[in-house]
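Taking it in order: structure first as structure tokens, then the write-up.
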Amino acid sequence: ATMLINGEHVEDAIALAKLNGLPLGLHLNLTEGPPMCSPSEVSSLLTPGEWPFFSPHAVPQAVFRGKFGFRDALANKEIDLRHVENEIRAQLRHFVGKTQSFPTHVDGHQHVHVLPAVAEVLARILTQEWGVHRIRLPADQQGVDSGHWIPEPRRQFYRQVLQDCETAKDIFARYGLKTTDAFMGLSLMGSDMTLNRLNDRLSSIPAEVSSVELMCHVGFPSSWGDEFNQSIEREHEKHVLSDPSLQTTLYNLGFTLRSYADAKLSTPICAPLHPLACPPSKSLNIVILSVLALATGNMNIANRLKNVLRSLGHRVYLRHVFLNGREAVTSLEQLIETEEVDMAIGIHLLRSGMILKDCSVPYVMILGGTDVNVSLKTNEWVSPKNSKTHKGMRDVLIGAHRVIGFHQDMTSLLLDAFSSESASANSKTQVHKLESKVTLVRQAVETSVGPPWLKKKLGLSDSDSILLFPTGLRPVKDPLFLLSAPEVVNWLGNHPRLHIVVIGSVLDSSYAAKVREAVRISNESIREQRIALRGRASAVDDKSDQLLDAIIIHESVPNESLKAAIQESVTVLNSSLSEGMSNAI
């Protein structure tokens with residue numbers, strides 16, 4: 001089953017699913033109801049409306065454009081695809097946060113996920129940022145061709161969906177997403193679903209097809225809401241699918257009912273090997289576990305490693321470290337089982353290692369930054385306060401088949417801290433074993449650069465100068481050291497053409513709020529100085545002559561765009577207390 005995460009009763013739905021052991025996927029919604037982002041982050045997707053739809057409790061608010069409104073706006077290039085990215089990420093965050101599990105797969109409300117522009121964005125985010133590798137492809141050509149009972153307007157819409165599927169399939173292939181061998185349901189919705197039609201379709205499935213998805217919308221009619229919500233046809237589907245004779249048909253044809261969580265998708269949509277690749281003697285299924293926040297060092301390492309391994313013929317799954325504790329371990333083990341994973345690679349001893357240390361497959365650890373540079377340099381490694389955490393980190397190292405560091409300082413710090421803990425014979429043996437599996441691999445970079453964009457987006461002229469500050473908003477990066485320093489504020493106040501532009505992910509929401517407040521205060525002070533410098537007593541009223549903020553916080557961007565921003569800047573700033581794999585470098 002999949003779930004609309006922006007539904008009014010989503011918590012009730014989650015509770016019912018858990019009560020009945022029903023695995024959940026995400027029903028991506030870009031067409032109905034309110035966004036999960038703040039409206040300013042997805043403004044091109046929205047129109048004035050009210051929510052809940054057709055409810056006596058409806059209130060005016062910005063809502064999505066609707067089934068055809070979104071498609072028309074997309075065709076007319078009125079949709080900002082960065083807004084689509086923002087909403088996809090927000091729905092994934094809310095899904096995982098509310099369910100405490102990763103979606104088994106993703107499909108789209110009104111098949112929005114196979115629109116080519118959306119498919120490209122979605123496939124990249126699912127595979128490169130969240131480690132979700134299963135998706136619906138609603139390519140029900142047989143149903144549309146043979147369903148003479150389908151009204152012509154709906155048939156035309158389905159034909160467009162089928163056309164979109166042809167393009168989306170190639171997009172999904174490039175990202176290594178999996179789907180079922182076949183799909184049925186476009187011609188079997190509501191009262192169109194009958195036992196005879198179901199039996200005919202099931203009986204016509206070729207023997208070589210090992211997995212089929214049947215789309216359905218079972219439920220109960222509501223006393224309010226849109227036409228679909230009030231329709232008795234949802235209950236009709238429930239009665240048809242519950243009929244004992246259907247169970248007999250499925251048994252006789254050799255079908256077993258499964259969810260996307262445990263289905264063996266034996267015919268994945270496979271991306272072709274790189275033309276220069278030399279296939280290894282054995283192709284492995286590998287999962288890379290890391291914090292995959294956009295435009296961070298960890299994410300860049302994970303993606304570069306993924307690309308290299310895939311070029312060698314291995315199948316690679318990225319999994320975002322989002323959950324904690326037992327939920328994280330259970331989610332990983334489910335991925336290992338369903339995708340038949342052979343080995344795992346974790347980035348960061350604490351964030352990934354604590355999940356991997358008891359996993360059922362061999363694993364390799366890549367040292368991050370804060371795990372070594374903060375915990376070890378500050379002697380927290382042996383602190384009684386953190387003894388449980390650090391015992392866990394030791395267990396991670398002992399259990400790893402290989403430990404990789406990117407420079408000598410990191411590997412030396414690790415070995416020194418590990419060897420200083422105890423002089424016992426057992427400990428010395430463990431130190432010797434660790435030394436034998438610690439490997440130094442020098443860092444590397446990719447040099448693809450996107451087109452210039454930053455000055456134009458911010459409304460800056462060629463005579464303006466940017467001091468680029470690529471930093472995650474979290475304490476270890478210490479952006480407040482610069483952004484609230486009186487010397488920096490005074491300096492910017494006396495140089496009206498200078499702007500500090502912060503680009504990075506919010507990795508600590510409470511700290512990010514402090515940063516934004518500090519920037520607001522700094523900008524007010526700088527604005528007063530700049531107005532005085534221009535000989536003005538008060539802020540100008542003419543909007544075209546407004547002073548731009550001296551310090552600008554911009555959301556994170558893909559790595560190619562960050563490199564383009566660096567090219568547009570006069571210098572790059574860094575105030576980090578610790579660096580292991582600097583995103584900017």
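The values are calculated or read from the model by the stated rules, or taken from the named source; none is laboratory data. Small disclaimer: the values here were computed from a predicted structure and weren't measured. No Cβ is skipped: glycine too gets one built from the backbone with ideal geometry, and neighbour counts run over all protein chains shown. We work out accessible area using only protein heavy atoms, side chains counted, and drop any ligands, DNA or RNA first. Shrake-Rupley method; radii C 1.70, N 1.55, O 1.52, S 1.80 Å.
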**Request:** State whether one or more residues within the range 136-156 are outside any strand (DSSP E or B), farther than 30 Å from Ile336 by Cβ and among the basic types (Lys, Arg).
**Result:** yes
**Prompt:** Out of all the residues in the range 452-463, which are in a loop (DSSP other than H, G, I, E, B), in contact (Cβ under 8 Å) with a residue 60 or more places away in the chain and open to solvent by less than 60 Å² (accessible area, probe 1.4 Å)?
**Reply:** Trp453, Gly459, Leu460
**Item:** Failed item, numbered, when Val449 is tested on (1) surrounded by 12 or more Cβ atoms within 10 Å (Cβ to Cβ); (2) modelled with pLDDT under 80
**Value:** (2)
**Request:** Restricting attention to helices (runs of 4 or more DSSP H) lying wholly within the range 1-112, give those where 3 or more residues are of a type in the set (Gly, Ala, Ser).
**Result:** 10-19, 67-75
**Message:** Out of the residues in the range 472-511 meeting the condition of being open to solvent by 10 Å² or more (accessible area, probe 1.4 Å) and in contact with a Phe, Trp or Tyr (Cβ under 6 Å, 6 or more places away or on another chain), tell me which one is modelled with the lowest pLDDT.
**Reply:** Arg474
**Prompt:** Taking interchain pairs and intrachain pairs at least six residues apart, which have beta carbon atoms under 6 angstrom, with the first residue in the range 38-53 and under 19 Å from Arg71 (Cβ atoms) and the second aliphatic (A, V, I, L, M) and open to solvent by less than 50 Å² (accessible area, probe 1.4 Å)?
**Reply:** Ser44/Ile79; Leu46/Ala62; Gly49/Val63
**Prompt:** Limited to the range 16-31, what total is found for residues that are under 19 Å from Ser222 (Cβ atoms) and either open to solvent by 50 Å² or more (accessible area, probe 1.4 Å) or of a type in the set (A, V, I, L, M, F, W, C) (or both)?
**Reply:** 2
**Request:** Identify all residues within the range 425-443 that are in a helix (DSSP H, G or I), open to solvent by less than 60 Å² (accessible area, probe 1.4 Å) and modelled with pLDDT of 75 or more; write none if there are none.
**Result:** Leu434, Lys437
**Asked** Which of the residues spanning the range 296-313 are surrounded by fewer than 16 Cβ atoms within 10 Å (Cβ to Cβ) and closer than 24 Å to Ser578 by Cβ?
**Response** Arg304
**Request:** Could you grab me the full set of residues in the range 185-206 that are among the β-branched types (Val, Ile, Thr) and at pLDDT below 95?
**Result:** Ile205
**Message:** Return the residues of the range 314-353 that are open to solvent by 30 Å² or more (accessible area, probe 1.4 Å), in contact with a Ser or Thr (Cβ under 8 Å, 6 or more places away or on another chain) and hydrophobic (A, V, I, L, M, F, W, C); say none if nothing qualifies.
**Reply:** Leu350
**Prompt:** Can you pull out the residues in the range 157-215 that are among the charged types (D, E, K, R), more than 26 Å from the chain's Cα centre (by Cα) and more than 19 Å from Ser242 (Cα to Cα)?
**Reply:** Arg159, Glu208
**Asked** Can you name the residue in the range 206-217 that is touching a residue at least 40 places away in the same chain (Cβ under 8 Å) and open to solvent by less than 50 Å² (accessible area, probe 1.4 Å) and is also farthest from Leu186 (Cα to Cα) among such residues?
**Response** Ser211
**Request:** Specify the residue that is least open to solvent (accessible area, probe 1.4 Å); the eligible residues are those in the range 67-77 that are under 29 Å from Lys457 (Cα atoms) and either among the basic types (Lys, Arg) or within 24 Å of the chain's Cα centre (by Cα) (or both).
**Result:** Phe70
**Message:** I'm trying to understand the selection: among the residues of the range 218-257, which are closer than 18 Å to Thr180 by Cβ and surrounded by 14 or more Cβ atoms within 10 Å (Cβ to Cβ)?
**Reply:** Leu241, Leu250, Phe255
**Prompt:** If the Cβ limit is 8 Å and pairs must be 6+ apart or interchain, which residue in the range 339-351 that is under 17 Å from Gly325 (Cα atoms) and modelled with pLDDT of 90 or more pairs with which residue that is aromatic (Phe, Trp, Tyr) and assigned to a loop (DSSP other than H, G, I, E, B)?
**Reply:** none
**Prompt:** If you go through the range 512-529 one residue at a time, do you hit one that is closer than 16 Å to Leu473 by Cβ, modelled with pLDDT under 95 and buried (at least 18 other Cβ atoms within 10 Å of the Cβ)?
**Reply:** yes
**Message:** Can you say whether Val287 is surrounded by 15 or more Cβ atoms within 10 Å (Cβ to Cβ) and modelled with pLDDT of 90 or more, as far as the supplied structure shows?
**Reply:** yes
**Request:** Test Glu528 against the stated conditions and say whether it is without any contact (Cβ under 8 Å) to a residue 24 or more places away in the chain and more than 22 Å from Ser582 (Cβ to Cβ).
**Result:** no
**Asked** If you take the residues of the range 37-64 that are within 23 Å of Gln230 (Cβ to Cβ) and among the hydrophobic types (A, V, I, L, M, F, W, C), which of them is most open to solvent (accessible area, probe 1.4 Å)?
**Response** Phe54
**Request:** For Pro138, state whether it is open to solvent by less than 70 Å² (accessible area, probe 1.4 Å) and without any contact (Cβ under 8 Å) to a residue 12 or more places away in the chain.
**Result:** no
**Complete:** Among residues of the range 163-188 being surrounded by fewer than 19 Cβ atoms within 10 Å (Cβ to Cβ) and out of contact with any strand residue (DSSP E or B) (no Cβ under 7 Å at 6 or more places or on another chain), the residue farthest from Thr104 (Cα to Cα) is Gln163
**Asked** Does any residue in the range 305-324 that is on the phi > 0 side of the Ramachandran plot and in contact (Cβ under 8 Å) with a residue 24 or more places away in the chain come within less than 8 Å, Cβ to Cβ, of a residue that is aliphatic (A, V, I, L, M) and open to solvent by 30 Å² or more (accessible area, probe 1.4 Å) six or more places away or on a different chain, and which pairs are these?
**Response** Gly313/Leu273
